[in-house]
Amino acid sequence: MGGKVLAPFLISVLVSAAVFAIENEYEDVIYLNNGSVVRGVIVEEVPGETYKIEIAGGSVIIFEADDVARIERESIGGLETRRSADEYRTIAFGASFVFGKYGDYGERFYGAEALVCWRLSRFFAPTAGVGYNRAVYESYFYEGVTYNIVPVYVGGRFTYLRAGSFGFFADVYGGYGFVYASGTQGESGGFTYGAGQGLEFGPPRFRGYVSLGYRRQHHLDRAGGALYVRVGALM
């Protein structure tokens, strides 16, 4: 009798354990209209009105149905792959306007740049870019001299903090700046490099950004250092 009673009991325990294990390999994922993603377990749902989800740590958040784009049940295994594929384009193209002021000789500069970004993860992306900058001297010694600079560079963007639709990043880059100067003779290009800190914002597939940075442009036997502001977007 003991064996006959024990066998069904063990089968019931094993089935319950299997169901529990399968259930715990998945989680509920709420995609919001503002681009945010919330993961956890939906504990209460009022169709067309509200969704209540319990996230890691035990906190419970309530969302209005109008704020929810869609709800899916996803495997916890392979989570990073799913998030990267759904939240970001693997290759993103961007454009930005840049303006600043060199400190060595008092010239201001401005221009535009095009950027290609490979998003290897949510936190790191190699980049490549090309631009056109125009620097105008204000110093009396170089008055009337204008520099046309075409920087070509590669670099990397590191997103070190993300909160909802916002993220803080650092970028570094280096390359070559082709220089043509009007109003003076004998100028040529040279290495260019720099780094910046910025804020990105918006939904994952269209991220605006603004950054503050410092760059160096070498030509002939000297170099100019510049503080700059860059405003642009990746899509």
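Just one of (1) under 11 Å from the mean Cα position of the chain (by Cα); (2) modelled with pLDDT of 80 or more fails for residue 162. It is (2). Of all residues in the stretch 52-64, those satisfying the criterion of being over 26 Å from the mean Cα position of the chain (by Cα) and either farther than 17 Å from residue 35 by Cα or surrounded by 13 or more Cβ atoms within 10 Å (Cβ to Cβ) (or both) are 52, 53, 54, 57, 58, 59, 60. Of the residues making up the stretch 194-210, those that are over 12 Å from the mean Cα position of the chain (by Cα) and either in a loop (DSSP other than H, G, I, E, B) or surrounded by 20 or more Cβ atoms within 10 Å (Cβ to Cβ) (or both) are 194, 196. Would a scan of the stretch 23-38 turn up a residue that is at negative phi, in a helix (DSSP H, G or I), more than 27 Å from the chain's Cα centre (by Cα) and modelled with pLDDT under 85? Checking the stretch 23-38: at least one residue is at negative phi, in a helix (DSSP H, G or I), more than 27 Å from the chain's Cα centre (by Cα) and modelled with pLDDT under 85.
The values are calculated or read from the model by the stated rules, or taken from the named source; none is laboratory data. Note that this is a predicted model, so its numbers are computed, not measured. When we count neighbours, we look across all protein chains shown, and the Cβ atoms used for this are built from the backbone with ideal geometry, even at glycine.
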